[in-house]
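Take a look at the structure set out below.
The values are calculated or read from the model by the stated rules, or taken from the named source; none is laboratory data. These numbers come from a predicted model, not from an experiment. For neighbour counting, all protein chains shown are included, and Cβ atoms are generated from backbone atoms with ideal geometry for every residue, glycine included. Side chains included, ligands, DNA and RNA excluded: accessible areas come from the protein's heavy atoms. Shrake-Rupley method; radii C 1.70, N 1.55, O 1.52, S 1.80 Å.
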Amino acid sequence: MKLAHRMYAGPAHIGTLRVASSFRNVHAIMHAPLGDDHFNVMRSMPERERDFTPVTASVVDRHVLARGSRDKVVSNISRKGEEQRPDLIVLTPTCTSSILQEDLQNFVDRASLYSESDVILADVNHYRVNELQASDKTLEQIVRHYLDRARREGISDRSVTDAPSANIIGILTLGFHNQHDCRELKRLPGESGVSVNQIIPEGEFLKNLKDLPRAWFNIVPYREMGLMTATFLEKEYGMPYISITPIGISNTADFITQVERLVNSWAPALLGKKLNYARYVENQTKFVSQAAWFSKSIDCQNLAGKEAVVSGDATHAASITKILAGEMGIRVSCSGTYCKYDAGRFNEQVQGLCDEVIITEDHTEVGDTIARIEPSAIFGTQMERHIGKRIDIPCGVISSPVHIQNFPLGYRPFLGYEGTNQISDLIYNSFNLGMEDHLSDVFGGHDTKGISTKSLSRGTKDIYWAPEAESESTKIPGFVRGKIKRNTEVFAKQNDILEITVDVMYAAKERWSS
């Protein structure tokens with residue numbers, strides 16, 4: 001596990017806790033020292049939920065270390081089982097407590113003798129996987145556990161539903177716009193005659209998991225969460241799945257085409273006819289989504305020649321890259337993701353749509369790339385938003401990790417046809433257009449502050465601007481001031497100049513004008 005001041009994806013136990021907390025009547029116990037027990041605050045604030053199952057911390061302190069953790073962990077499991085009567089208790093260590101190398105499976109086996117609830121140990125290697133990978137694995141573990149039990153007890157129902165239905169896999173708490181996407185995702189196939197069988201893990205009871213195989217197919221909207229479960233269901237129960245993310249006009253049309261293909265594999269036998277969704281796609285594209293019309297409007301054409309940098313999780317970064325380059329005609333100078341384990345798929349998705357690809361978990365590397373390219377706008381996570389603030393480049397947030405402000409109270413889906421409208425607004429409003437900067441200058445707006453052009457990497461020398469040079473720079477129109485100051489600093493660095501004076505400014509001007 002790599003330790004860093006700021007990380008894109010959290011440690012593994014956060015992923016496990018997100019899954020456990022998303023199910024109904026499932027309780028998670030975290031075997032951890034004080035300081036690792038912040039999940040309840042993180043869970044309650046962004047989602048703004050009034051009713052959720054909190055996580056219990058079985059605290060590891062010096063007294064516990066002196067006599068061993070087993071009795072305390074077993075006691076906590078038994079106590080929570082009696083107090084809350086959960087269907088399942090999930091025990092997970094953290095990266096810190098994993099150092100103790102305790103036999104937690106033995107703790108679970110012992111606690112199972114005293115608890116009426118099911119008790120399992122999260123089957124995750126906390127040193128090798130991150131939050132996203134752990135959430136994917138934990139969901140698969142829980143689904144496998146209850147489907148295997150249903151099969152052993154003979155209560156598994158393998159018959160498919162009479163009408164077309166699908167499971168939505170991968171909607172969970174603290175996901176980027178997950179709750180809004182879920183509503184849109186239920187509406188999308190629903191309007192074309194496909195009902196939702198189950199949505200897991202968010203809001204589902206474990207007793208209903210035995211009916212998962214009754215759906216005609218599965219939908220996995222995000223590659224980071226749900227693929228392992230969908231693969232398990234395909235292998236063990238022959239259930240096909242759709243992993244196309246319906247973000248953007250093109251991807252949404254491809255998603256509906258896949259729904260049509262899977263529905264028509266059963267429809268002739270169960271419904272006596274085949275279904276055609278071509279008219280549905282056409283009507284949604286024309287009358288619900290405004291993105292297709294907007295991409296041909298003069299407003300969107302004003303974005304021609306603009307450059308953008310995209311960075312985020314593999315699902316959102318690839319989808320936004322396709323929209324920018326393929327649907328809106330904006331040049332993507334660089335597209336990247338922090339999901340290194342999915343690098344092959346990501347490269348395949350963005351091939352030919354951007355000038356360069358960056359796969360990294362180091363936000364300073366992303367920051368230096370952005371500073372070098374100097375795009376007109378950034379589309380990324382909260383990390384990139386902070387980077388954009390430092391170098392005065394606007395940023396639209398399109399992926400986790402995010403701040404609480406990216407958990408909106410209003411309806412803001414990214415998926416489906418309504419999602420195309422939201423994304424078009426986000427993209428358009430993320431660019432500084434026309435005389436915006438200059439007008440801010442004229443009317444004394446907030447954009448009149450000096451522009452930071454310092455390197456984002458640590459260990460580099462800062463360049464000092466002399467007062468007379470700063471005063472001279474204010475005479476430059478606001479909409480080009482940032483670029484001229486950055487070019488001046490590049491010139492200074494190339495010539496080992498640490499203080500920029502008026503003479504240096506004019507020397508740089510001659511250099512870049514020649």
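Accessible area, 1.4 Å probe, largest first: how do 295, 319 sort?
The most accessible residue leads, giving 295, 319.
Any idea what the relative contact order of the stretch 87-242 is, in percent, if you count C-alpha pairs under 8 Å spaced at least 6 apart?
Averaging sequence separation for qualifying contacts and normalising by length gives 25 percent for the stretch 87-242.
For a quick protection proxy, order the peptides 34-44, 233-243, 19-29 by their average other-Cβ count within 10 Å, most packed first.
Taking the mean over residues of other Cβ atoms within 10 Å, the ranking is 19-29, 233-243, 34-44.
With every protein chain in place, what's the accessible area of residue 210 (1.4 Å probe, Å², nearest 10)?
Its accessible surface works out to 60 Å², give or take rounding.
Taking Cα atoms, how many degrees apart are the long axis of helix 416-430 and the longest axis of the chain, rounded to 10 and kept between 0 and 90?
So the inclination is approximately 30 degrees.
By how many degrees, between 0 and 90 and to the nearest 10, does the Cα long axis of helix 502-513 differ from the longest principal axis of the chain?
In the chain, helix 502-513 runs at an angle near 80 degrees to the longest axis.
I'd like the FRET efficiency for residue 38 and residue 411, computed as 1/(1 + (r/R0)^6) with the beta carbon distance as r and R0 of 41 Å, rounded to 0.05.
0.90
Can you give the accessible area per residue of the stretch 120-207, in Å², using a 1.4 Å probe?
38 Å²
Using Cα-only point scatterers and the Debye equation, what is log10 of I(q)/I(0) for the stretch 223-314 at each q in 0.19, 0.23, 0.24 Å⁻¹, rounded to two decimals?
Listed by q, the Debye log ratios stand at -1.06, -1.20, -1.23.
So for the stretch 249-350, averaging the separation of alpha carbon pairs under 8 Å that are six or more residues apart and normalising by length, what relative contact order in percent results?
Value for the stretch 249-350: 21 percent.
Among 335, 156, what's the order by accessible area (1.4 angstrom probe), most exposed first?
156, 335
Rounded, prolate or oblate: which one fits the stretch 23-157, using the alpha carbon gyration tensor with axes a ≥ b ≥ c (rounded when a/c is under 1.5, else prolate when a/b beats b/c, else oblate)?
Rounded, because the longest to shortest axis ratio a/c is under 1.5.
Under the definition of Cα pairs under 8 Å and six or more residues apart, what whole-number percent is the relative contact order of the chain?
In percent, rounded to a whole number, it is 12.
Under a 1.4 Å probe, what is the accessible area of the stretch 298-362 per residue, stated in Å²?
On a per-residue basis, 38 Å².
What accessible surface, in Å², does a 1.4 Å probe find on residue 471, ignoring ligands, DNA and RNA and rounding to the nearest 10?
Spelled out: residue 471, probe radius 1.4 Å, area about 70 Å².
To the nearest 10 square angstrom, what accessible area does residue 250 show with a 1.4 Å probe?
Number for this one is 60 Å².
In terms of modelled amide H atoms, which long-range or inter-chain residues lie less than 5 Å from the amide H of residue 95?
13
Quick one: which residues, 5 or more positions from residue 195 or on another chain, have an amide H under 5 Å from its amide H? H modelled 1.01 Å from N in the peptide plane, none for Pro or chain starts.
Sorted by chain and number, the residues that satisfy this are 165, 166.
So, R0 is 25 Å and r is the distance between the beta-carbons of residue 106 and residue 127; what FRET efficiency does that work out to, to 0.05?
In this case the efficiency is close to 0.80.
For Kirkwood radius over Cα pairs in Å, pick the label among (i) 28.4; (ii) 25.4; (iii) 24.5 that corresponds to the value derived from the coordinates.
(ii)
State the percentage of accessible surface on the chain attributable to carbon and sulfur atoms; use a 1.4 Å probe and exclude ligands, DNA and RNA.
49 percent
Answer rounded, prolate or oblate for the stretch 124-253, using the Cα gyration tensor with square roots of eigenvalues a ≥ b ≥ c: rounded when a/c is under 1.5, else prolate when a/b is larger than b/c, else oblate.
Taking the square roots of the gyration eigenvalues as a ≥ b ≥ c, the stretch 124-253 is oblate.
Could you check what % of the DSSP bridge pairs in the chain are antiparallel, to the nearest 5?
5 percent
Please report how many Lys pairs in the stretch 260-347 have alpha carbons closer than 22 angstrom, counting only residues at least 8 apart along the chain or sitting on separate chains.
Step by step, the pairs that qualify in the stretch 260-347 add up to 6.
Check cross-link reach from residue 207 to the lysines: straight Cα distance under 30 Å, and skip same-chain residues fewer than eight apart.
Hits, sequence-local ones excluded: 72, 80, 137, 186, 235.
Between residue 362 and residue 307, take the C-beta separation as r, use R0 = 25 Å, and let me know the FRET efficiency to the nearest 0.05.
With R0 = 25 Å, the Cβ-Cβ based efficiency is 0.65.
State the extension gain, in nm to one decimal, for the chain segment bounded by residue 114 and residue 275, taking 0.36 nm per residue of separation less the distance between their alpha-carbons.
52.6 nm
Which order do 356, 204, 116 take when ranked by solvent-accessible area (1.4 Å probe, heavy atoms of all protein chains), largest first?
Heavy-atom accessible area, descending, gives 116, 356, 204.
Starting from the Cα gyration tensor of the stretch 306-345, take the square roots of the eigenvalues, sort them a ≥ b ≥ c, and report rounded, prolate or oblate (rounded when a/c is under 1.5, otherwise prolate if a/b is larger than b/c, else oblate).
It comes out prolate by the Cα gyration axes.
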